[in-house]
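Throughout, read-outs are computed from the coordinates displayed, never taken from laboratory work. Not measured: the values here are computed from a predicted model. Cβ coordinates were reconstructed from backbone atoms using ideal geometry, including for glycine residues, and neighbour counts include every protein chain displayed.
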Amino acid sequence: MAAALAASCLAIPCTSARPSKSLVTTTTTTSSRGRSVLPILSSSPSSSSRKSPLTFSSALSSLTPFPIGGFESAERRRRSGAAVFVCEAAPAKKADSAAKRARQAEKRRVYNKSKKSEIRTRMRKVLEELDGLKKKTDAQSEEILKVEKLIAEAYSAIDKAVKSGTLHRNTGAHRKSRLARRKKAVEIHHGWYTPAAAA
């Protein structure tokens, strides 16, 4: 059976237009029950040129492969006259980097969308409280403390978004300044704050 397999391998020419990627060395041995075994032993780079037929060494017993069992088992196979065959192995498939980038972009989009939505919600709550406080005629100065707590929560959400890269630092500073200006306008309207006179 080993002789028939060697003859069939020798009759197959290599018609590929590209150089071979790698060569896999196999050996054929006969077990105690008379069955042929074809273990894959090792791989080595190809040195054949383009459109050249597969070549096999005439002195097959002189080759010493590197099997899983070690050098001792290879020497034993060589002495027993084991046939050595060389076949081409398929190249490994590369990972699809474009698909990975698409998954990462979608993950970041969902995260950024939720953070921006949280910032808009907190800013809207602050502005609604300031508008209601400005319209009250009998508003007390202690009522501004509730608004300041909401402003602190909005500032925290904005700072976290800037730190994670969801918002640009200038955009975050602009939104924080907007809330501070509206708060100062309400305090000036009720007389709780008097701006310093310009020099």
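Would you mind checking Lys94/Lys163; Lys116/Lys184; Lys107/Lys163; Lys116/Lys176; Lys163/Lys183 for any pair whose Cα atoms are more than 23 angstrom apart?
Values: Lys94/Lys163 35 Å; Lys116/Lys184 25 Å; Lys107/Lys163 17 Å; Lys116/Lys176 14 Å; Lys163/Lys183 25 Å.
The answer is Lys94/Lys163; Lys116/Lys184; Lys163/Lys183.
Using DSSP to call loops (not H, G, I, E or B), can you name the trypsin sites (Lys or Arg not before Pro) in segment 107-188 whose Cβ has at most 14 other Cβ atoms within 10 angstrom? Intermediate results must be reported in sequence, preceding the final value.
Numbers: sites: Lys107, Arg108, Arg109, Lys113, Lys115, Lys116, Arg120, Arg122, Arg124, Lys125, Lys134, Lys135, Lys136, Lys146, Lys149, Lys160, Lys163, Arg169, Arg175, Lys176, Arg178, Arg181, Arg182, Lys183, Lys184; in loops: Lys136.
Passing both the DSSP loop test and the Cβ count: Lys136.
Stretch Glu142-Thr171 to full length: gain in nm at 0.36 nm per residue minus the Cα-Cα span? Could you put the intermediate results ahead of the total?
Numbers: separation 29, 0.36 × 29 = 10.44 nm, distance 3.06 nm.
Fully extending the segment from Glu142 to Thr171 adds 7.4 nm.
Around Ala102, under 15 Å between beta carbons, what's the net of Lys plus Arg minus Asp minus Glu among the other residues?
Cβ neighbours under 15 Å give a net charge of +4.
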